[in-house]
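One structure is given below, encoded as structure tokens.
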Amino acid sequence: MKGFFFNSPTPRKPGGTKGSRAPREPKAPRTYGAAQVPALPVCSSCRLFEGCKSPKIPVTGGGARKILFVAEAPGETEDADGLHLVGRSGQVLEERLKGIGIDLDRDCWTIASVNCRPPGGRTPTMKEVDWCRPSVVNAIKAYRPK
């Protein structure tokens, strides 16, 4: 299966399968055991970080249930708050999760396919996603979500 994070087919391992939040200060990346996800992605020629208020947003959330959500890109609210999934989409996700007993902030980690807001909130290009892919892959390796 060719995946979003890997350009080549990757075999699957057998088994396993908000409401309104007040703006908060950006959180520092958390350390879980010996693994720590780098706070900054490997930035190069995409230069998205130059046009945002909160460049290079790190992984956020408590991760108590080891769930990782990967959003598309920070929107205006995420850029202003320095947190992933706090805008309208995050509010919808938070409400849906609350209905099944999952708290987005406490139980999950969040990251985006690109960690800086594209100009005007446009969809990130595949080239921009490629620049941030190491950050997402590092998060998956370090946090080992279920």
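Miscellaneous remarks
- Distant-in-sequence amide H partners of Leu68 (H built 1.01 Å from N, under 5 Å): Trp109, Lys146
- Share of carbon and sulfur in the accessible area of the stretch 54-146 stands at 51%, probe radius 1.4 Å.
- The Kirkwood radius of the stretch 88-134, taken over pairs of alpha-carbon atoms, gives through the Stokes-Einstein law at 25 °C and 0.890 mPa s a diffusion coefficient of 197 µm² s⁻¹.
- Amide H contacts of Gly62 (H built 1.01 Å from N, in plane; Pro and chain starts excluded): Arg106, Asp107, Cys108 sit under 5 Å, all sequence-distant by 5 or more or on other chains.
- For the stretch 131-140, putting each phi into the Karplus relation 6.51 cos²θ - 1.76 cosθ + 1.60 with θ = phi - 60° gives couplings of 5, 8, 3, x, 5, 5, 4, 4, 5, 5 Hz, in residue order, rounded to whole numbers and with x for Gly and Pro.
- What you get for the stretch 46-146, charging only the Cβ of Lys and Arg (+1) and of Asp and Glu (-1), is a dipole of about 400 debye around the Cα centre.
- Solvent-accessible area per residue for the stretch 72-144 (1.4 angstrom probe, square angstrom): 47 Å²
- A simple rule links phi to the HN-Hα coupling: the Karplus curve 6.51 cos²θ - 1.76 cosθ + 1.60 with θ = phi - 60°, which for the stretch 52-67 gives 10, 7, 10, x, 6, 4, x, 4, 10, x, x, x, 4, 9, 6, 9 Hz, with x for Gly and Pro.
- The phi torsions of the stretch 107-118, fed into the Karplus equation with coefficients 6.51, -1.76 and 1.60 and a -60° offset, translate into couplings of 8, 10, 9, 10, 8, 10, 5, 10, 9, 10, 6, x Hz, rounded to whole numbers, with Gly and Pro shown as x.
The values are calculated or read from the model by the stated rules, or taken from the named source; none is laboratory data. Keep in mind it's a predicted model, so treat the numbers as computed, not measured. Quick reminder, even Gly has a Cβ in these numbers, built from the backbone with ideal geometry, and neighbours come from all protein chains shown. Only protein heavy atoms, including side chains, enter the accessible area calculation; ligands, DNA and RNA are left aside. Shrake-Rupley method; radii C 1.70, N 1.55, O 1.52, S 1.80 Å.
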